[in-house]
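In what follows, a structure is listed as structure tokens, so that the remarks can point back to it.
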Amino acid sequence: MQGAKPITKTVPFTKARIEELEKRYPTPFHIYDEEAIRAGARRLYKAFSWVTDTEGKKGGFTNFFAVKALPNPSILRILHEEGMGADCSSLPELLLADAAGIKGEEIMFTSNDTPADEFALARKMGAVINLDDITHIGFLEKAAGIPRLICFRYNPGEEYSHGNAIIGNPAEAKYGLTHDQILKAYTIARKKGAQRFGLHAMIVSNQRDEDILVEAARLLFNLAVEIKEKTGIRVEFINLGGGIGIPYSPVDHQVDLERYARGVHKAYKEIIAKNGLAPMRIVMESGRAVTGPYGYLVSRVRHVARKHRDYVGLDACMANLMRPALYGAYHHITVLGKEKKPLDHVYDVTGSLCENNDKFAVQRFLPAMSPGDLVVIHDTGAHGHAMGFNYNGKLRSAEFLMQKGGTFRLIRRAETANDYFATLDFEGSDFSGLARK
Ligand SMILES: *Cc1c(COP(=O)(O)O)cnc(C)c1O
């Protein structure tokens with residue numbers, strides 16, 4: 001954080017390339033930059049290259065990519081090639097990981113309110129099961145048996161008081177075991193046959209302050225020491241969860257991964273090593289930071305309207321990106337071909353939902369806008385397409401991978417009206433007739 005410079009928002013493709021792509025595929029669509037994703041993954045692994053495996057050999061670090069952030073098997077395969085596993089929390093996410101060739105202990109199953117059949121599948125796949133509640137030990141035992149390796153999710157409650165710096169307040173969060181429960185849970189699991197153990201917590205979200213990220217790691221390291229002292233159980237890995245933030249706004253600074261990793265290393269030496277718990281693996285479940293900055297939502301301006309405010313209406317809507325409407329999140333907007341124009345107009349940039357919060361930007365300074373302008377919304381690579389919904393009959397867009405050399409590969413086609421109607425049970429149920437005429 002200290003001394004970090006604000007970032008510049010650039011687009012890795014030209015207007016001409018988009019216009020070419022548009023001849024076959026109408027906007028809106030998301031584009032993910034493969035090379036940038038790979039480079040980011042390598043930076044993360046390099047920063048944590050000091051992490052050893054349980055035998056003390058280098059290369060013990062794993063990021064289990066949070067599948068929910070960008071649930072596309074083409075992306076999962078790329079991340080797997082870069083050494084990542086998958087963090088899954090539902091049956092379809094387990095299936096996606098499997099389809100991408102991610103197997104066994106490369107999968108972390110961090111779920112909550114979990115149904116029995118999902119535990120059964122996770123167990124069958126040999127995934128690392130991360131339990132969210134003390135009663136889930138008995139539930140898992142019945143559903144699938146207790147595996148040799150088991151992990152527990154910790155919720156520090158009032159003990160962790162970072163106010164607004166975290167995902168709400170842990171004491172109000174539905175996740176994880178309390179301090180007393182987690183100590184009991186390891187002992188119960190061991191009695192039921194578990195022999196290998198992990199410890200997990202996710203207590204930060206979109207956090208860009210390295211010191212707060214390090215503090216979350218420290219909290220887990222201290223707990224691992226206490227678990228060893230009170231139960232005799234030595235956890236073999238600590239899972240730091242997700243939550244590394246990204247600079248959505250150009251005035252935000254970027255997380256300094258090296259500084260973060262150095263801080264975790266220092267805490268590891270001071271707490272884990274000093275208490276004789278090394279070597280211990282450090283893993284995480286980062287989603288947002290892995291793909292978020294490398295995704296772009298491309299959309300055309302349909303209408304420009306002057307009312308009590310000036311509005312730019314796009315062909316994209318909340319179906320394609322919900323974060324601004326849902327959280328008031330800032331997403332930077334570039335108008336292709338107008339990068340050099342002065343930002344001397346103020347607009348609300350909207351979608352077409354019959355919902356007034358369907359806005360990508362509120363009172364944003366932009367160049368003078370016209371129908372037909374090509375707009376790029378930045379940082380849509382995580383929790384973007386994935387969050388989309390079909391409210392108001394809006395269809396989700398295509399996804400493209402921008403490969404080395406700038407070629408675009410379709411990795412998910414756009415939804416059609418028939419996809420939207422596919423689950424209806426209604427007479428002949430072909431609704432496409434009218435549209436075809
Ligand atoms: C959402 C989530 C993640 C990923 O969080 P990011 O903010 O995308 O890094 C990781 N682990 C769990 C348990 C989550 O719910």
May I ask you to verify whether Met318 is open to solvent by 10 Å² or more (accessible area, probe 1.4 Å), within 30 Å of Val376 (Cα to Cα) and within 16 Å of the ligand (Cβ to nearest atom)?
-> no
Among the residues of region 173-213, count how many are in contact with a Phe, Trp or Tyr (Cβ under 7 Å, 6 or more places away or on another chain), away from the ligand (no atom under 16 Å from the Cβ) and either closer than 30 Å to Glu258 by Cβ or not assigned by TED's automatic domain parsing to the domain that holds Tyr268 (or both).
-> 1
Has region 262-269 got any residue that is outside the structural domain of Gly406 (by TED's automatic domain parsing), more than 13 Å from the ligand (Cβ to nearest atom) and open to solvent by less than 10 Å² (accessible area, probe 1.4 Å)?
-> yes
With the first residue restricted to region 55-74 and required to be more than 15 Å from the ligand (Cβ to nearest atom), and the second required to be of a type in the set (Phe, Trp, Tyr), Cβ contacts under 6 Å at 6 or more apart or on different chains are Phe61/Phe48
Those residues that are at pLDDT 95 or above, on the phi > 0 side of the Ramachandran plot and away from the ligand (no atom under 16 Å from the Cβ), I need them from region 379-411; list them, please.
-> Asn392, Gly393
Inside region 79-126, the number of residues satisfying the requirement of being open to solvent by less than 10 Å² (accessible area, probe 1.4 Å) and more than 15 Å from the ligand (Cβ to nearest atom) is 3
For Ala361, state whether it is of a type in the set (Gly, Ala, Ser), without any contact (Cβ under 8 Å) to a residue 40 or more places away in the chain and assigned to a loop (DSSP other than H, G, I, E, B).
-> no
Taking first residues from region 200-223 that are in contact (Cβ under 8 Å) with a residue 40 or more places away in the chain and open to solvent by less than 50 Å² (accessible area, probe 1.4 Å) and second residues anywhere that are away from the ligand (no atom under 16 Å from the Cβ) and among the charged types (D, E, K, R), the pairs with Cβ under 7 Å that are 6 or more apart or on different chains are Glu210/Asp256; Glu210/Arg259
Considering only region 230-244, how many residues are assigned to a loop (DSSP other than H, G, I, E, B) and at negative phi?
-> 6
When residues of region 286-304 are limited to those that are open to solvent by 10 Å² or more (accessible area, probe 1.4 Å) and of a type outside the set (A, V, I, L, M, F, W, C), the one farthest from the ligand (Cβ to nearest atom) | His303
Matching residues in region 127-140 (touching a strand residue (DSSP E or B) at 6+ places or on another chain (Cβ under 8 Å), surrounded by fewer than 23 Cβ atoms within 10 Å (Cβ to Cβ) and not charged (D, E, K, R)) number 2
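The values are calculated or read from the model by the stated rules, or taken from the named source; none is laboratory data. All figures in this text were calculated on a predicted structure; none of them were measured in a lab. Cβ: placed from backbone, ideal geometry, glycine included. Neighbour counts: every protein chain shown. Accessible surface is based on the protein model in full, side chains and every heavy atom, while ligands, DNA and RNA are left aside. Shrake-Rupley method; radii C 1.70, N 1.55, O 1.52, S 1.80 Å.
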